[in-house]
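Here, each number is a calculation from the coordinates, and none is a lab measurement. Fair warning: this is a prediction, and the values are worked out from it, not measured in the lab. Here Cβ is always computed from backbone atoms with ideal geometry, including for glycine, and neighbour counts include all displayed protein chains.
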Amino acid sequence: MAEAFPGVVLGADRLSKAYGPVQANRDISLLLGSGEIHAVVGENGAGKSTLMRMLQGMEQPDSGSVILDGAPVRLSGPAEAMARGIGMVHQEFMLAPDLSLLQNLVLGAEPLKPGPLRRVDWVSARREGVALADRIGVVVDWDCPSAAAPVHIQQFTEIIRLLRRGAKILILDEPTAVLAPPQVEELFTLLRRLRAEGASILFISHKIPEVTALADRVSVIRRGQVVFSAAMADTSGDEIAGHIVGDHSAPVAAPKPAPGSITPHTVLAMEAVSTSAATRALRDVSLHVSAGEIVGLAGVAGNGQGELAEVLAGLHRVNTGRITLNDKDITAQDNATRRGAGIGYISADRRHEGLCLPATIATNTMTGSHRAPPVASGWRLRPRALAKAAEARLQALQVRYGRLSDPVSSLSGGNQQKLVFAREIAPKPDFLIVSQPTRGVDLNGIAAIHSLLRDFRNQGGAALLVSEELDEIMALSDRILVMAEGRIVGEVPKGASAQEIGRMMIMGGHHG
Amino acid sequence: MADVRFGKLAESVVSLALPFVVAALVAGVLLLAIGENPLAIFGLMAEESFGSARRIASTLSAATPLLFTATATAICFRSGVFNVGVEGAFLTGGLAAIFVGYAAPASLGVVLIPLAMLAGAVVGAIWLWFPGWLLARWQVDEVVSTLMLNFIAAALTGYLINGPMLSPASGNNVTPPIHDAAELVRLMPPSTLHAGFLIGLLVLTLYGLWCRYTPAGFEAALVGLNRRFSRAMGISVGGTVIAVMVLSGVIAGLGGASHGLGQLYRFSDGFSPGYGFTGMAVALLGRNNPLGMLIGAVFFGALASAGTTIQLFSNIPLDLVDIIQGLVMIFAVMQIALPRLRKGAAHV
């Protein structure tokens, strides 16, 4: 058979995939050579996971094809991918916590003793495990229950399991996210050793220093497209960072209210807030947001921004520190009390927290205001008044819907999010927590949501904007704070470029 | 718009009727297998349960406890709390009411009735508050805790009626009878249909109003659909869980009280032949909807009342009625999974 892609062990040839209106991948081409470590980098939501799912056969592309050993193939799923030598280590480990590492190693493909009883041959299982661990230069205590093993050992066990099943191509999804620096070193040594033996590795990451240290080749995915691809020798960490955050020609300055129309007093303040020592999601965070101001919080996903939003909403406990709203201490208040005191919350997880998908449009629009007039009077809830109030709220924000009694899941992503804004803004909160407001929203919806936020600000509202889209943060924010590893690592100086912000996001944690 | 509504109605009628139809088919095959004519038997059963005023009364009488236990179950299921402990609250509440009914001074007269009902409601409420609190505070699985409490309820009532509450006039396993004044009025003597049926209808109606016209009912439905959303909206999920458990206990306790004061007048072994569990089937069958549950309760009431007389007139063993009941329950539970597969139906 003629090889259309000579020398390519695994690749994507113009792969495209859309989920409804969201184009997750667009014409992605990416080639992995034999004995090569190829880093795929990009922000969360850029489309990396969709690409990996297609390379595993978990999703079928809308167009384009997956290349295996030089020729296009159609993979039916992870089982076939594995049979053909493609193994993936997921971010969340796929180990049974109560079984020993040895049991996990052979789970699903146990070596059997001869005879009709199909007894597991533990002696040969152990021999195999020890030999493989030796080969890649690690030491594994095979009898340790996997939940009790150190994280990097769990990860090594996953890799060894894939090797044992004959994987020659490894896909590692952010393998360093859970590791401490010395463990990262150990992992890299192992990966280099595998490369020397001829294995090919697709390494997903958004940590630039790791990519430059390990990869032979790097591809940057942004908004579903490969925007940059180069041999590591021909590029630099700065250049990669630039491509990750993108080219920002959009105006940074947003239309502002006339000076003097709003008295700039502090609406919300956090003083030295930390979450529990066990999670350490937030460390010593201090910030303040004033009336008539949007403060943007930039950072690589998973550096504590999500927890910060939940802490402010009252959904996540604080260990130490103080939170005030209009100079009143709200640290100990629960979420309901804070809502009453004037905090609105746009959840990052619209489908599961921002909305109740099976419930009606009317219910979703009015929940939270359902105990106050006009919806309720005393013990009574008035469904008609609820419908009327919902209609007014939705009309004010021009949400397009069929009937109020339709399930909210019938709306488009953009209209769903506008409904959430309608609900959260209607009680006139002083402070709005806005987390990933345009995730899964099409371009028109994005514009509408941005103008809603600006209006809120211009009418004297205070907002904290958390987003993985740096464009969005730069377009909307009056001030930008950068977060890394649970800390605020700094405020972006006026007039800083996206590249500079990108560097603070990515390097900040290491320098700080 | 009208046709869409009609479509929805037709769809819900079909999905409501389906378990009955399937169960009838399976029962028909069973009857054929033992050499009986299914149509004749079904006809006889219909005749026996609805053929005259007296028979209808006995069907409604059999449906009475189910009105309570179904509502008690639905109020929890609707909030995503899988309370299977209605049986236990029915027993303990029933015994509490009976105790007041015979131990309080007879001179209280008709005041005995509200007093005994109150005792049933309070004991039922406490009985189910406990697993509700365990669930809300400590995440103790409610299926396990309420199921275990059923065994405790059976053992506890069994002990009490053999010990401290044993009737001095009887050998064992029964309390003294309640005072005459504590008895609920019979609606259609000589049938056993009693005022408890009306109380059951009232409870069912109040439940329907609570669901639709109170903020608490609104919140309970949201908690059942999406706890994370509810929490983010400031709804107390734990508080709602405890509230629906307590309400469930109140309703189940009232059910036990009505059964005791209206039907049996005393508490003996076999006070409840599994009303809590049949009520669960009725709630599933009726989709927690008041009207659906009324129909379901009457249907199971009919099966029960026809079943006892049917073996007098045919060779059909009483067990067959139990089998039909079981089949309907299985298909009812199957049905509940269907709408979740289907998109497009809004619930609140």
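Considered as an equivalent ellipsoid built on the Cα gyration tensor, the stretch A:1-116 has semi-axes of 29, 19, 14 Å, the largest given first. Helical content alone sets the calculated 222 nm signal of chain B at -25000 deg cm²/dmol, taking -39,500 (n - 2.57) per DSSP H segment of four or more residues and averaging over every residue. As a calculated quantity, the FRET efficiency between residue B:17 and residue A:384 at R0 = 35 Å, using C-beta atoms, amounts to about 0.65. Ellipticity at 222 nm from helices only: DSSP H runs of n ≥ 4 in chain A, each -39500 (n - 2.57), divided by the residue count, give -9500 deg cm²/dmol. I need the shape label for the stretch A:284-325. Rule: rounded when a/c is under 1.5, else prolate if a/b > b/c, else oblate, with a, b, c from the alpha carbon gyration tensor. In terms of gyration-tensor shape, oblate.
Can you give me the relative contact order of the stretch A:8-245 as a percent, contacts being Cα pairs under 8 Å and 6 or more apart?
29
In the protein assembly as shown, the alpha-carbon atoms span a convex hull of 237 Å³ per residue. Put a dot 7 Å past the Cα of residue A:213, heading toward its Cβ, do the same for residue A:286, and the two dots end up 3.2 nm apart. In terms of the Cα gyration tensor, with a ≥ b ≥ c the square roots of its eigenvalues, is the stretch A:291-357 rounded because a/c is under 1.5, prolate because a/b exceeds b/c, or oblate? Rounded is the answer for the stretch A:291-357, as its axis ratio a/c remains below 1.5.
Here residue B:159 and residue B:322 are evaluated by their C-beta separation; at R0 = 25 Å the FRET efficiency comes out at 0.30. If you take the square roots of the eigenvalues of the alpha-carbon gyration tensor of chain B and sort them as a ≥ b ≥ c, do you get rounded (a/c under 1.5), prolate (a/b over b/c) or oblate? Oblate, since a/c reaches 1.5 and b/c is not below a/b. Summarising the label geometry, the points placed 7 Å from Cα in the beta-carbon direction at residue A:234 and residue B:39 lie 8.4 nm from one another. The slack in the chain from residue B:26 to residue B:205, taken as 0.36 nm per residue of separation less the alpha-carbon distance, amounts to 61.1 nm. Which of B:270, B:93, B:80 ends up with the largest GNM mean-square fluctuation for chain B, with Cα atoms connected below 10 Å? Evaluated over chain B, the most mobile residue of the options is B:270. How many percent of the alpha carbon pairs in the stretch B:49-198 exceed a separation of 22 Å? Percent of Cα pairs beyond 22 Å in the stretch B:49-198: 51. The stretch A:424-464 and the stretch B:166-224 have Cα centres lying 52 Å from one another. Across the cross-link table entries A:17/A:418; A:388/A:418; A:113/A:168; A:48/A:168, which are compared at the Cα atoms, the separations over 24 Å belong to A:17/A:418; A:113/A:168. In chain A, Cα pairs under 8 Å separated by at least six residues give a relative contact order of 15 percent.
Backbone N atoms of the stretch A:88-123 closer than 18 Å to the 7 Å Cα→Cβ label point of residue A:143 belong to residues A:98-106, A:121-123. Springs between Cα atoms under 10 Å define the GNM used for chain B, and in it the highest mean-square fluctuation of B:257, B:232, B:72 occurs at B:232. With the simple spin-label model, which puts each label point 7 Å out from Cα in the Cβ direction, the residue B:169 to residue A:272 separation comes to 7.8 nm. Computed about the Cα centre, the dipole magnitude for the stretch A:299-357 is approximately 80 debye when only Lys and Arg (+1) and Asp and Glu (-1) carry charge, each at its Cβ.
Could you grab the relative contact order for the stretch B:65-297? Cα pairs under 8 Å, six or more apart, rounded to a whole percent.
43
For residue A:34 and residue A:91, what does the FRET efficiency come to when R0 = 30 Å and r is the distance between their Cβ atoms, rounded to the nearest 0.05? It comes out at approximately 0.70.
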